[in-house]
Amino acid sequence: MHVGELSATTFVKLQPDTTARETMELFLQNRQDIGCVMEHEHLLGIVTKYSLYRLLLKSTSMDVTIQPAIKTNVISLQENISVYRARDILLEKGVGHAVVLNNNKNVVGVLATSDLIYGLVAGTNHLMTRLQSLVDNLQESVISVDTELNITAINASAQKLFQLEDTEILGKPSGNWFPTLYDDLSNAVLHSKRTEVKKISLHSTIVIASIIPIQEWGKINGAMAVLKDITELEKVANELESTKRIEKVLDSALAVAYDGVIITDQDGNITKANHGFMELYGIASFSQIEHQPLQNIAPEIQQQQNKNKKDILEAEIIQINQYKAIVSQTPIVQNDKTIGSIYKIIYQHLHLWKDLFNQIDKLEREISYYRGELNKNNDPFTPLISNNGKIEQLKADATAVAPSLSNLLINGESGTGKELLANGIHLVSNRKGAFIKINCAAVPENLIESELFGYADGAFTGAKKGGRPGKFEQADKGTLFLDEIGDMSLPMQAKLLRAVQEKEIERIGDTQTRKMDVRILAASNKNIGKLVQEGVFREDLYYRINVIQLEIPPLRDRLDDIPLLTNHFMKKMQTKLDKPSINDISSEAVEKLRNYHWPGNVRQMENVMERAFLYAQTNRIEASHILIDAKDPSSTEHSGINEANEHGSVKTNRKKRMEETDKVTILDALKQAGGNRTIAAKKLGISRSTLYQKLKKYEIKEKLEFFL
Ligand SMILES: Nc1ncnc2c1ncn2[C@@H]1O[C@H](COP(=O)(O)OP(=O)(O)OP(=O)(O)O)[C@@H](O)[C@H]1O
């Protein structure tokens, strides 16, 4: 509040010649104790009630001019100063009035002590209101008491905090309502003792209390408690405390963990790592990696974006420095959101995990075996293991001719992989039908016809009801693989020729002719050309099946394949014989395999490897386990294209049998041809000269005459 607002603007204006009477009348009229003596709006001085009294005491008349009563040392105040400043000036000068001037030093009013008191009281009231509102709006709760410790005030915040109405408790003993404050309040009232900051529990609330004595005119007349509710803070602090405790426990747990543990935030930055991890990566102090992306510190560890947030991602085996380690990742999920990951790295004492690893190794081997098997479907020639140039060329030739419909003859010693090659050709050819195999040497002569062409219902005693389709029918729209075709008898060859030429067959005992779309792949471990010359193989059939000829070289001519085949059979036997622990072979053993001439080719080698697996007691195949048995049928039977290579009674017997059948067939043909050798040769599909050679060989002449 300013002086200008308080001062009386209708003040008494006097001139130097105004009389004492007039002045008194003006004072009474205006209820003023002071008048300003002006001359042309210029202040000459003032006349106060007292200076007037003094003048009148000295004079005899009331009509004297006020001149002698004029006080020229006027106390003046600027209209814009505060009421407090005005109070100080008046007190300092010891006067009860002051003239109020504006900026032009013109008199604008007179300020009396009563005006000042009014202003001060108004100011104090205003201040009180502000203070009250301040106290009420304080976040802190305030309670005050008198010297009797009865409650004199409680602010809005305290009422709200303790759910009390001021009317309820004003004037009541504070001890009843706030017993825990009692001691401190009485100390403040009785001993003027201040309590600075103290944690007190009041009802169900926890507060920080400050207790302050209240002084009035230098005397204690009460006390005030300022309380800050810290219940929520206390809860947070407790949570913080327990979080800290948990963190400590976590740190200790991580510290004693044997292996590596690392925790990242949602961005993949490291937030924690234990000693095991730092040791694994040679990190001296955690501060070096804190908040760094895990990717930069441990690039080997794959960080997976979780498909399913709650899942532990499956463990991976990776190499970290010189350690083989198992790493697993677990997401940290909060409110359905992934907020980080924990990585566990097991790399110590992995020998304890050996069994598990063995199991994993075995599974991996099996997977790779089956994957290999699957791949075979992708590259039909994959099962024919080789890195030999000739075999590579052979595969390329086979791929080139496979799509054609031409019949094909595969030559090669027994066990060289003719069937594998034939199967590959069938797969490349993309023929819709099946790959059907018949081993012409293995099926007894009397059964081979029904095997090839099938039979009709009731064709012979014991025939299956409804008949049965033969291999030809089964291979319709596919491929018929005639293995060891060189061992087929001449009469059978004649029947086969018809089927191959006409592309039609009749089931035995059936009159119905069936059209067949069959691609013929024939194989032989004998030189068929030579068999033709010898008259045991029909020349016309030979030309029919030998449209294209492929030759698989024997294993002894491609010993460079031995290491690859060794590897292949190691894996195959591990799975086949369930011996995954045998995973090594000594170089001496491989050398032994390389130094053998393998008359039984790859089949024989496979048998030898299987035996080695059965003999090996450790995880390694030694040279002593490579036992090559000369009596192994795979090393003798069908052992070469040359007859000279054939040994053993089995072969000799078969040869004898074949020759006998051959003789019977020739005699049969001659009988049907009425002894005409040219017609008979034609029937047999051989040249006349071949027939003569055979007649000579089998000494048929006499018998022929006998028949005729
Ligand atoms: N290159 C090779 N890679 C892998 N295994 C092979 C290979 N060659 C042959 N084998 C294996 O050897 C065995 C004989 O193969 P396959 O039956 O194909 O030979 P073949 O020449 O048809 O024999 P046969 O003339 O006696 O019928 C099979 O177990 C086959 O899997």
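Quick grid of which residues meet (1) more than 27 Å from LYS515 (Cβ to Cβ); (2) of a type outside the set (Asp, Glu):
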position: ILE385; (1), (2): yes, yes
position: GLN393; (1), (2): yes, yes
position: VAL401; (1), (2): no, yes
position: LYS418; (1), (2): yes, yes
position: ALA434; (1), (2): no, yes
position: ASP457; (1), (2): no, no
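Only helices (runs of 4 or more DSSP H) whose full extent lies in the stretch 531-603 are considered here, and none of them has at least 2 residues that are under 43 Å from the mean Cα position of the chain (by Cα), closer than 30 Å to GLU659 by Cα and assigned by TED's automatic domain parsing to the domain that holds THR618. All of GLU25, GLU5 fail the test of being in a helix (DSSP H, G or I) and either in contact (Cβ under 8 Å) with a residue 60 or more places away in the chain or in contact with a His (Cβ under 6 Å, 6 or more places away or on another chain) (or both), apart from GLU5. When VAL608, VAL650, VAL664 are checked against the criterion of being at pLDDT 80 or above and either among the aliphatic types (A, V, I, L, M) or open to solvent by 40 Å² or more (accessible area, probe 1.4 Å) (or both), a single residue qualifies: VAL608. The residue that is surrounded by the most Cβ atoms within 10 Å (Cβ to Cβ), counting only those in the stretch 411-440 that are part of a strand (DSSP E or B) and within 8 Å of the ligand (Cβ to nearest atom), is GLY412. Scanning the stretch 413-432 for residues that are on the phi < 0 side of the Ramachandran plot and touching a residue at least 60 places away in the same chain (Cβ under 8 Å) gives GLU413, SER414, THR416, LYS418, GLU419, LEU421, ALA422, ILE425, HIS426, SER429, ARG431.
Does the stretch 592-605 contain any residue that is of a type outside the set (Gly, Ala, Ser), modelled with pLDDT of 85 or more, away from the ligand (no atom under 16 Å from the Cβ) and farther than 29 Å from ILE410 by Cα? So far as the stretch 592-605 goes, yes, one or more of its residues are of a type outside the set (Gly, Ala, Ser), modelled with pLDDT of 85 or more, away from the ligand (no atom under 16 Å from the Cβ) and farther than 29 Å from ILE410 by Cα.
Criterion applied to GLU22, GLU39 was being in contact with a Pro (Cβ under 8 Å, 6 or more places away or on another chain) and of a type in the set (Asp, Glu), and the one residue passing it is GLU39.
MET488 - would you say it is within 16 Å of the ligand (Cβ to nearest atom) and within 23 Å of LEU691 (Cα to Cα)? Criteria met by MET488. Checking each residue in the stretch 502-532 for being of a type outside the set (Gly, Ala, Ser) and surrounded by fewer than 16 Cβ atoms within 10 Å (Cβ to Cβ) picks out GLU502, LYS503, GLU504, THR511, GLN512, THR513, LYS515, ASP517, LYS530. The residue pairs whose first member lies in the stretch 175-196 and is under 11 Å from THR147 (Cα atoms) and outside the structural domain of LEU161 (by TED's automatic domain parsing), whose second member is open to solvent by 20 Å² or more (accessible area, probe 1.4 Å) and among the hydrophobic types (A, V, I, L, M, F, W, C), and whose beta carbons are closer than 7 Å, counting only pairs six or more residues apart or on different chains, do not exist in this structure.
Once the stretch 395-410 is narrowed to residues that are open to solvent by 10 Å² or more (accessible area, probe 1.4 Å) and in a helix (DSSP H, G or I), the residue that is nearest to the ligand (Cβ to nearest atom) is LYS395. Being open to solvent by 40 Å² or more (accessible area, probe 1.4 Å) and within 16 Å of the ligand (Cβ to nearest atom) is the requirement here; does LYS390 meet it? Yes; evaluated as a whole, the condition is true for this residue.
Sub-7 Å Cβ pairs linking a first residue in the stretch 225-254 that is more than 19 Å from THR205 (Cα to Cα) and of a type outside the set (Lys, Arg) to a second residue that is open to solvent by less than 50 Å² (accessible area, probe 1.4 Å) and modelled with pLDDT of 90 or more, at least 6 apart or interchain, are LEU254/VAL261; LEU254/LYS272; LEU254/ASN274, ordered by first then second residue. Being modelled with pLDDT under 90 and of a type in the set (A, V, I, L, M) holds for only one residue in VAL226, VAL256, and it is VAL256. I'd like to check something: does the stretch 48-69 contain any residue that is closer than 22 Å to GLY4 by Cα, open to solvent by less than 50 Å² (accessible area, probe 1.4 Å) and assigned by TED's automatic domain parsing to the domain that holds PRO16? Scanning the stretch 48-69, I find at least one residue that is closer than 22 Å to GLY4 by Cα, open to solvent by less than 50 Å² (accessible area, probe 1.4 Å) and assigned by TED's automatic domain parsing to the domain that holds PRO16, so the answer is yes. Taken together, the criteria exclude SER587 from residues that are touching a residue at least 60 places away in the same chain (Cβ under 8 Å) and either of a type outside the set (Ser, Thr, Tyr) or open to solvent by 40 Å² or more (accessible area, probe 1.4 Å) (or both). For GLY467, the test of being touching an Asp or Glu at 6+ places or on another chain (Cβ under 8 Å), on the phi > 0 side of the Ramachandran plot, surrounded by fewer than 20 Cβ atoms within 10 Å (Cβ to Cβ) and in the same structural domain as GLY415 (by TED's automatic domain parsing) is passed.
The values are calculated or read from the model by the stated rules, or taken from the named source; none is laboratory data. Worth saying up front: this structure is predicted, and the values here are computed from it rather than measured. FYI the Cβ positions are ideal-geometry reconstructions off the backbone, even for glycines, and counts take in every protein chain you see. What goes into the accessible areas is simple: the full protein's heavy atoms, side chains included, and nothing from ligands, DNA or RNA. Shrake-Rupley method; radii C 1.70, N 1.55, O 1.52, S 1.80 Å.
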